[in-house]
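Everything on this sheet refers to the single structure shown next.
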Amino acid sequence: MSNSKPFVLGATALVLTTVAVTGAGLHYSKSQAYLKDSPKEIVDEVWYVINKEYVDATFNQNDWRQVRQEFLSKDYANTDEAYDAIREMLDLLGDPYTRFMPPQDFENLQVDTSGELTGVGIQIAKDKDTEEVVVIAPIEETPAFEAGIMAQDVIVAVDEQPTEGMELNDVVNLIRGQRGTEVTLTIRRGERVLEFPIVREVIQIHPVKARINESPIGDVGYIRLTQFSAQATAEMREAIADLESQNVDGYVLDLRSNPGGLLYASIDIAQMWLDGGGIVSTVNRVGEVDRQEAGNRALTDKPLIVLVDGGSASASEILSGALQDNQRAVLVGTQTFGKGLVQSVRRLGDDSGVAVTVAKYLTPSGRDINKEGIAPDFIVELDEADQETLQEDRTKIGTMADPQYAKAIQLLNEQLRTGTIVIPEKQASTERPSRPAQDS
């Protein structure tokens with residue numbers, strides 16, 4: 001029997017105890033295939049999973065049955081040789097999100113949404129064009145954040161070991177380590193090369209932070225959601241209920257640098273803001289569509305502005321896309337990451353795992369945002385000085401010293417005063433998110 005676990009969304013590697021969850025959906029299940037102690041059996045099992053589930057029925061224009069014959073005609077002396085063959089086989093698909101995980105990496109992945117992680121606290125990805133390891137975002141109140149690591153920093157070395165040509169998983173493993181030990185990240189930021197010695201720590205992640213901000217327009221409920229983890233739904237529900245009890249006049253929901261998380265969390269949180277309409281739909285390789293609809297369970301109907309940026313990915317894009325398409329919220333910031341594919345993660349017979357792209361997801365209006373992202377209704381860029389100011393003093397995030405938040409307050413004022421917000425014609429953002437060559 002297979003054991004189902006929640007679908008997971010994400011876009012980047014979390015350098016914590018885990019090689020992070022990626023994609024618009026990850027589903028864990030124990031393969032039904034019985035495996036003997038033969039490395040070749042693992043190769044065949046991965047081939048079978050791809051053959052059955054991969055989203056592209058042409059397998060990137062490869063004869064998949066011939067591929068099986070080719071790889072099973074070889075002898076593998078040990079599991080490492082078999083794992084290398086699996087990676088070679090998956091490379092034929094040309095899909096950075098379909099990937100193999102050795103047992104330790106697969107075990108780490110399952111810890112990703114537990115809410116307690118050990119490491120430095122950054123999300124990383126590989127730039128598809130340059131193959132460089134790029135920081136998508138540091139997680140707030142973690143050693144990396146406190147040290148001053150910033151989004152779009154390029155990690156050029158870990159403990160003086162160059163990352164050039166290194167697999168993302170290997171970079172993750174170098175950065176990860178025991179609590180209390182130190183790791184030095186060499187960072188390229190623009191033209192500068194900087195070194196950051198960081199002490200690894202156990203990191204408690206509470207994904208929702210909420211408060212009331214006083215403003216000339218009244219009381220604003222400010223909610224920052226940093227990850228769609230297992231705790232996110234309950235914490236969001238509690239935050240909205242508490243702010244409603246204090247009669248706030250409107251809301252700013254901050255999804256900036258939120259890389260994703262659990263699919264059900266994004267759907268449940270969308271339900272808290274929507275009384276009706278679609279939330280997300282998925283399309284597999286035979287065209288079947290599964291559509292999630294809002295079920296009249298909204299906790300508030302007060303004006304809502306959502307902040308997004310290039311680090312807002314996957315589950316963040318599902319939520320922001322649903323709110324935008326249903327005209328429930330106005331989006332402010334910069335273009336989102338652009339991750340619109342669904343993965344299923346399978347546990348293999350030797351406790352390794354494989355993530356397989358099985359579908360794509362669409363916003364309620366049918367938009368395919370993969371590699372495109374979601375354009376905000378109002379584009380507000382943060383220059384390097386703004387970013388450094390907010391990084392150095394995080395108490396300014398979500399205040400009038402934060403230009404994107406300040407724009408949100410201006411728009412809330414307009415909506416409360418006139419009952420509507422005039423949306424400009426779509427603008428072209430100059431900021432484009434990096435594309436990962438491999439997520440982990």
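The values are calculated or read from the model by the stated rules, or taken from the named source; none is laboratory data. If you're wondering where the values come from, they're calculated on a predicted model, not measured in any experiment. Heads up, the Cβs are rebuilt from the backbone with ideal geometry, glycines too, and the neighbour counts pull from every protein chain shown. Ligands, DNA and RNA are stripped out before the accessible areas are found, and what is left, the full protein with its side chains, is counted by its heavy atoms. Shrake-Rupley method; radii C 1.70, N 1.55, O 1.52, S 1.80 Å.
Points to keep in mind about this one:
- Check: the chain dipole with +1 on Lys, Arg Cβ and -1 on Asp, Glu Cβ, in debye: 1120
- When Ser245, Ser316 are compared by accessible area of protein heavy atoms, the largest-first order is Ser245, Ser316, using a 1.4 Å probe.
- Stretching Asp44 away from Glu244 to a fully extended chain increases their span by 66.5 nm, per 0.36 nm per residue minus the current alpha-carbon distance.
- Accessible surface for Met150 stands near 10 Å², nearest 10, in the context of the full protein assembly shown (1.4 Å probe).
- Rounded accessible area per residue of the chain, 1.4 Å, Å²: 41
- Rounded to 5, percent antiparallel among DSSP beta bridges of the chain: 75
- Shown is the FRET efficiency for Arg417 and Asn213, computed with R0 = 22 Å from the Cβ-Cβ distance and rounded to the nearest 0.05: 0.80.
- Approximating the spin labels as points 7 Å out from Cα along Cα→Cβ, the Arg285-to-Asn62 distance works out to 1.2 nm.
- Protein accessible area in the chain, 1.4 Å probe - carbon and sulfur %: 45
- Ranked packing of 60-70, 261-271, 173-183, most packed first, by mean Cβ within 10 Å: 261-271, 173-183, 60-70
- Exceedance of the 25 Å cut-off in Cα-Cα distance is limited, within the set Lys52/Lys360; Lys40/Lys128; Lys126/Lys360; Lys128/Lys407; Lys302/Lys407; Lys126/Lys339, to Lys40/Lys128; Lys128/Lys407.
- Given a 1.4 Å probe and the protein chains as shown, Ser365 ends up with an accessible area of around 80 Å².
- The charge dipole of region 316-357, taken about its Cα centre with unit charges on the Cβ of Lys, Arg, Asp and Glu (plus for the first two, minus for the last two), comes to roughly 80 debye.
- Where labels lie 7 Å past Cα in the beta-carbon direction, separation of Asp368 and Gln204 in nm: 4.5
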